[in-house]
Amino acid sequence: MSCDGIWDVFMSQNAVDFARRRLLEHNDPVMCSRDLVDEALKRKSGDNLSVVVVCFQPQAPPNLVVPRGRVQRSISAEGLKELQSFLDSLGN
């Protein structure tokens, strides 16, 4: 839970990810709250800053690995030709 000074510089998921990383490091909700405030100050939050981190279990959160989807990219024949021309010009 936090006041709007945090949300001015963090998107919701970014704050969750930041807190999770800190809890994985030290598993201390008070220190995690301070870390969030310190980071908001580094990001130049211009509002008041209050944070309360609540843990529902004593263990650190599990380390989550989110699978990344494979991104397919393609280039047009014209783009490939321009790229090749550019790369050739670098060699001269």
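Any read-out appearing in this document is the output of simple, stated calculations on the displayed coordinates, not a laboratory observation. Computed from a prediction, not measured in an experiment: that's the story for all the values here. Note that each Cβ is placed from the backbone with ideal geometry, even for glycine, and that neighbours are counted across all protein chains shown.
For the reader, a short list of remarks on this structure follows.
- Residue within segment 37-48 that is of a type in the set (A, V, I, L, M, F, W, C), in a helix (DSSP H, G or I) and either touching a residue at least 12 places away in the same chain (Cβ under 8 Å) or touching a Gly at 6+ places or on another chain (Cβ under 6 Å) (or both) present: yes
- Consider segment 21-45 and keep the residues that are surrounded by fewer than 16 Cβ atoms within 10 Å (Cβ to Cβ) and among the basic types (Lys, Arg). The one that is nearest to the chain's Cα centre (by Cα) is ARG21.
- Among the residues here, VAL51 qualifies as surrounded by 12 or more Cβ atoms within 10 Å (Cβ to Cβ) and among the aliphatic types (A, V, I, L, M).
- Residues of segment 54-87 that are in a helix (DSSP H, G or I), exposed (fewer than 10 other Cβ atoms within 10 Å of the Cβ) and hydrophobic (A, V, I, L, M, F, W, C): ALA77, PHE86, LEU87.
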